[in-house]
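Q: Have a look at this one before I ask anything.
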Amino acid sequence: MANNVLTDAFSQKLKGIEGWLSPSAAEFTACLFKSERIGNVVEFGVYHGKYLALLYHLTADYNSRVVGFDAFIGAGDLNIPQEIIFRNIREACGDTDRLSIVHADTMVLQRGEVLKHIPEPIGFISVDAGHEADNLLNDISLAAELIAPGGIIAVDDAFNRSTPGAIEGTCRYFEMRNQGRLAPFAQCYNKLFLTTADRHAHFLDATRQYVCKNAPTDEGCANTLKREQENQKAGFVPRFFGWELVTFLGAARMQA
Ligand SMILES: C[S@@+](CC[C@H](N)C(=O)[O-])C[C@H]1O[C@@H](n2cnc3c(N)ncnc32)[C@H](O)[C@@H]1O
């Protein structure tokens, strides 16, 4: 696996946190943070803080504020999930000084309410709360209102066939609301990465460089590069709502 940004020690700590995060998507996220000066960070849908621990770790040098919003669905005592998140992030990252966790339903959350908890610029937003179509339509719209120019939004499960509502809601956002503002540049395992339209070419190029650089040591990147070359030969360009993107392939076998 590509492993030139995250240390084995930190990857092991992340592995110990319950949640959903492909190691390859974690490594690609780390690479994006390494090449950019990211502002403050927001996550919608934290669960036990697996991805948020990664985002916290990656922003340590920039002293970014990191805020997670979660409705804590199914939790009787709201303090318990908050304690779990703080404990997990402290154990993985060493401190939680820059972290806030807010109990909120993103379906009624407004831009102004988010900005009461975190100052602008917001350079990275993880959209990973409810996975029904209405959640995705709402949460990507809210993220679009908050993200700084040139920032990145990671939409979880946007292409996951086991969460068809996430696919539907993502498509509805692009069909009905986007109006050219956000541009997808990479579909990396469980996450679709978007930026603002003016930075699409930059991040598409950075993703291609990442794939080329890691192809010799990472089977997934090697398969992705091979497919890109086949596409070029065939004159096919993978696009999502008109935007060209890199579609990462898995390691074990070429996907259809
Ligand atoms: C898939 S989990 C998030 C996983 C997490 N990002 C990680 O790294 O493991 C979804 C989370 O979203 C929360 N959630 C679901 N619907 C929500 C809503 N409408 N508003 C806020 N949080 C919500 C759930 O309580 C749950 O903790």
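Here is a yes/no grid of residues against (1) within 12 Å of the ligand (Cβ to nearest atom); (2) part of a helix (DSSP H, G or I); (3) in contact with a Pro (Cβ under 6 Å, 6 or more places away or on another chain); (4) charged (D, E, K, R):
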residue: LEU21; (1), (2), (3), (4): yes, no, no, no
residue: ALA25; (1), (2), (3), (4): yes, yes, no, no
residue: ALA30; (1), (2), (3), (4): no, yes, no, no
residue: LYS34; (1), (2), (3), (4): no, yes, no, yes
residue: VAL41; (1), (2), (3), (4): no, no, no, no
residue: VAL46; (1), (2), (3), (4): yes, no, no, no
residue: TYR56; (1), (2), (3), (4): yes, yes, no, no
residue: GLN82; (1), (2), (3), (4): yes, yes, no, no
residue: ILE85; (1), (2), (3), (4): yes, yes, no, no
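Q: Look at ASP61 and say whether it is surrounded by fewer than 20 Cβ atoms within 10 Å (Cβ to Cβ) and either β-branched (Val, Ile, Thr) or over 29 Å from PRO216 (Cα atoms) (or both).
A: The answer is yes for ASP61.
Every residue, every condition in (1) under 17 Å from the mean Cα position of the chain (by Cα); (2) in contact (Cβ under 8 Å) with a residue 12 or more places away in the chain, yes or no:
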site: LEU146; (1), (2): yes, yes
site: ASP156; (1), (2): yes, yes
site: GLY165; (1), (2): no, yes
site: TYR173; (1), (2): yes, yes
site: PHE193; (1), (2): yes, yes
site: ASP205; (1), (2): no, no
site: VAL211; (1), (2): no, yes
site: ASN214; (1), (2): no, yes
site: ASN223; (1), (2): no, yes
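Quick grid of which residues meet (1) part of a loop (DSSP other than H, G, I, E, B); (2) in contact with a Phe, Trp or Tyr (Cβ under 8 Å, 6 or more places away or on another chain); (3) acidic (Asp, Glu):
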| position | (1), (2), (3) |
| --- | --- |
| VAL102 | no, yes, no |
| LEU109 | yes, yes, no |
| ILE125 | no, yes, no |
| LEU136 | no, yes, no |
| ILE140 | no, yes, no |
| GLY180 | yes, no, no |
| PHE185 | no, yes, no |
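Q: Taking ASP128, is it of a type in the set (Asp, Glu) and either over 21 Å from LEU55 (Cβ atoms) or surrounded by fewer than 19 Cβ atoms within 10 Å (Cβ to Cβ) (or both)?
A: Against the criterion (of a type in the set (Asp, Glu) and either over 21 Å from LEU55 (Cβ atoms) or surrounded by fewer than 19 Cβ atoms within 10 Å (Cβ to Cβ) (or both)), ASP128 does not qualify.
Q: Can you tell me which of ALA92, ALA53, ALA71, ALA104 is among the hydrophobic types (A, V, I, L, M, F, W, C), within 16 Å of LEU146 (Cβ to Cβ) and modelled with pLDDT of 95 or more?
A: ALA104
Q: Counting only residues that are within 20 Å of PHE193 (Cα to Cα) and either open to solvent by less than 40 Å² (accessible area, probe 1.4 Å) or assigned to a strand (DSSP E or B) (or both), how many does the range 229-243 have?
A: Number satisfying all stated conditions: 4.
Q: Give all pairs with beta carbons closer than 9 Å in which a residue from the range 65-81 that is over 18 Å from THR106 (Cβ atoms) meets a residue that is within 11 Å of the ligand (Cβ to nearest atom) and open to solvent by less than 40 Å² (accessible area, probe 1.4 Å); count only pairs at least 6 apart in sequence or on separate chains.
A: The qualifying pairs are ILE80/PHE72.
Q: Also: Looking only at residues in the range 100-137 that are of a type in the set (Asp, Glu) and free of Cβ contacts under 8 Å to residues at least 60 places away in the same chain, which one is nearest to the ligand (Cβ to nearest atom)?
A: Across the range 100-137, the extreme among qualifying residues is ASP105.
Q: While we're looking at this one, here's another question. Mind listing whichever residues of the range 64-74 are over 19 Å from the mean Cα position of the chain (by Cα) and open to solvent by less than 30 Å² (accessible area, probe 1.4 Å)?
A: The answer is PHE72, and nothing else.
The values are calculated or read from the model by the stated rules, or taken from the named source; none is laboratory data. Being a predicted model, the structure only gives us computed values, none of them experimental. Note: ideal-geometry Cβ built from the backbone for every residue, glycine included; neighbour counts use all protein chains shown. These accessible areas exclude ligands, DNA and RNA; they are computed on the full protein's heavy atoms, side chains included. Shrake-Rupley method; radii C 1.70, N 1.55, O 1.52, S 1.80 Å.
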